[in-house]
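Reading through the structure tokens given below for one structure.
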Amino acid sequence: MLGILMMTSCQNGKKQTRQETEEEPSKPNVVIFYLDDLGYGDLSCYGATEIRTPNIDGLAEGGVRFTDGYATSATCTPSRYAILTGMYPWRNKGAKILPGTAPLLISTTQKTLPKMFKSQGYATGIVGKWHLGLGTGQIDWNRHISPGPNEVGFDYSHIMAATQDRVPTVYIDNGDVVGLDPEDPIEVNYKENFEGEPTALTHPELLKMKWHHGHNNSVVNGIPRIGFMKGGEAAKWKDEDMADHFLEKAQQYVKDHKDGPFFLHYTLQQPHVPRTPHPRFAGKSGLGPRGDVILEADWVIGEFMKTLEEEGVLENTLVIFSSDNGPVLNDGYVDGAEELKGNHDPKGGLRGGKYSLFEAGTRVPFITYWKGRIQPRVSDALICQMDLLASLAKLAGTEEKDTDSEEMLSVLLGESDKGRESLVLEATSRTAFRKGDWVMIPPYEGPALSKQVNIELGNADEFQLYHLTDDKEQQDNLARSEPEKLKEMVTGFEAIRGK
Ligand code: NG6
Ligand code: CA
């Protein structure tokens, strides 16, 4: 914030009054847009030609677009754990895709990004997807639900518990299910159905969207889900309204906290399944619902950015954009994502996708934008979402040590290209190692290809070694021809990961 200072000075015995502008050290707001399953090639600013994302492109064109920005993991829960705690998720055995009834994964005594901000006088909020567990084991959804986001550093939370395809399909505001009728309590079970309740298997006529694999338990709004749910009719969300719903909450958060500083973690649900664009976007991309919800997310971001501007905080807000893991087309519903994609390549030329140890699993769009502060550019610095904790601590005026997070504020602000030296990548509990331009994938058992989602997982019975600058598509395994490099990579990997 700029403070106008009236100063009176005495020069040559003559009294002068002059007006001076001085920079007051006021803390900038921070907003993270965190998308769900958005791929490296899903945005026009990352080279997509079949879809236009003008609002996100605007962030990239006015900010730093990272070409080597990573989520820690190729699935949601571990990546979300890492961005909030600054810790490698494989250090916590529970950091796997969680059911909607899982207990809170982050310890209430653990360091977190929102706690760091709070300690520096920030208001902290989360709006959108959570998927990090709630409660301590047995959740009664009809009472106040705790611990959750509010117990790990967020003063405000308005979330869905897990994913759009998992029950309970309700919004939770600061630990309380929104719109719940006490006469119609909610029950949730991931093991067995409630007697007499319809499922996708017993009542296929209820379905407006078909399941492909999994997703054949309770039916809510004509969409079959993972897990069984009973009751809570009045509280159930309307899938097509979810984008507008979270946007309204996020905008309100800015309005309520514009005097700042604030940190808002805005975790959008797109383009995760089930893809349920608002009718305003249905059919608009020509790529099916997956493309439509990407357009919807882009619109949401444009609207949110307008709010920052209208509320007068745009030039005092660092905006970060990324995705929790790479793309998948068919993730369990028959929605035409594969058939309608045309020439669109969500992977952006990388190999693999969601669930994969290959690049497309974890390398994701990663953009920083700060109007008037960041000079537009492209950076190939190696950076991970886990690094936000230490980096944003510096921005907020403190230090965060003793985590896996590396302080890279100047990289985030586009003032340096000195990123990480190395990074351990994770996909469904398997790990690989990136160092410099190289990536090494140890041998793993298991199928090379997941037939269900049609994604190469990175499993092989021998070491894989790729030079990413020369071979972005990871086609040329150099493990045999570069034994010295392989050895160096294995040693570096084991030093972090253990043997
Ligand atoms: C998988 C689901 C998938 C998706 C994923 C979590 C099946 C067969 N597949 O288990 O649809 O929900 O979990 O995605 O149930 S994530 O982005 O939250 O990690
Ligand atoms: Ca995800």
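Only the coordinates and a few stated rules stand behind these numbers; no lab work does. Fair warning: this is a prediction, and the values are worked out from it, not measured in the lab. FYI the Cβ positions are ideal-geometry reconstructions off the backbone, even for glycines, and counts take in every protein chain you see.
Side notes on the structure shown:
- Test for Ala390: is it hydrophobic (A, V, I, L, M, F, W, C) and touching a Gly at 6+ places or on another chain (Cβ under 6 Å): no
- Test: Ala393 is aliphatic (A, V, I, L, M), assigned to a loop (DSSP other than H, G, I, E, B) and within 21 Å of the chain's Cα centre (by Cα): no
- Residue ID - surrounded by the fewest Cβ atoms within 10 Å (Cβ to Cβ), chosen from residues in region 459-474 that are assigned to a loop (DSSP other than H, G, I, E, B) and within 28 Å of the chain's Cα centre (by Cα): Thr469
- In region 205-224, the residues that are within 19 Å of Asn189 (Cα to Cα) form Cβ pairs under 6 Å with partners that are of a type in the set (Val, Ile, Thr) and assigned to a loop (DSSP other than H, G, I, E, B), at six or more places apart or across chains, as follows: Ser218/Val167; Val220/Thr169.
- Asp42 passes every criterion in (1) within 16 Å of ligand 2 (Cβ to nearest atom); (2) more than 27 Å from Asp404 (Cα to Cα); (3) in contact with a Lys or Arg (Cβ under 6 Å, 6 or more places away or on another chain) apart from (3).
- Residue in region 328-342 that is within 16 Å of ligand 1 (Cβ to nearest atom), touching a residue at least 40 places away in the same chain (Cβ under 8 Å) and touching a helix residue (DSSP H, G or I) at 6+ places or on another chain (Cβ under 6 Å) present: yes
- When residues in region 128-148 are screened for being more than 16 Å from ligand 2 (Cβ to nearest atom), crowded, with 24+ Cβ neighbours inside 10 Å and not small (Gly, Ala, Ser), 2 of them pass.
- Candidate set from region 149-164 (those that are part of a loop (DSSP other than H, G, I, E, B) and within 16 Å of Arg80 (Cβ to Cβ)); member that is farthest from ligand 2 (Cβ to nearest atom): Gly153
- Val364, sole failed condition from (1) more than 14 Å from ligand 1 (Cβ to nearest atom); (2) buried (at least 24 other Cβ atoms within 10 Å of the Cβ): (1)
- The lone exception for Thr431 - which of (1) crowded, with 18+ Cβ neighbours inside 10 Å; (2) part of a loop (DSSP other than H, G, I, E, B); (3) on the phi < 0 side of the Ramachandran plot; (4) in contact with a strand residue (DSSP E or B) (Cβ under 9 Å, 6 or more places away or on another chain) it fails: (2)
- When the residues of region 439-458 are filtered to those that are more than 25 Å from the chain's Cα centre (by Cα) and in contact (Cβ under 8 Å) with a residue 24 or more places away in the chain, the one that is nearest to Asn330 (Cα to Cα) is Tyr444.
- The set of residues from region 64-101 being out of contact with any helix residue (DSSP H, G or I) (no Cβ under 8 Å at 6 or more places or on another chain), in contact (Cβ under 8 Å) with a residue 40 or more places away in the chain and in a loop (DSSP other than H, G, I, E, B) comprises Thr67, Asp68, Thr75, Pro99, Gly100, Thr101.
- When residues of region 305-329 are limited to those that are away from ligand 2 (no atom under 16 Å from the Cβ) and surrounded by 24 or more Cβ atoms within 10 Å (Cβ to Cβ), the one nearest to Gly372 (Cα to Cα): Thr317
- The condition of being free of Cβ contacts under 8 Å to residues at least 24 places away in the same chain and touching a Lys or Arg at 6+ places or on another chain (Cβ under 9 Å) holds for only one of Leu409, Leu413, Leu423, that being Leu409.
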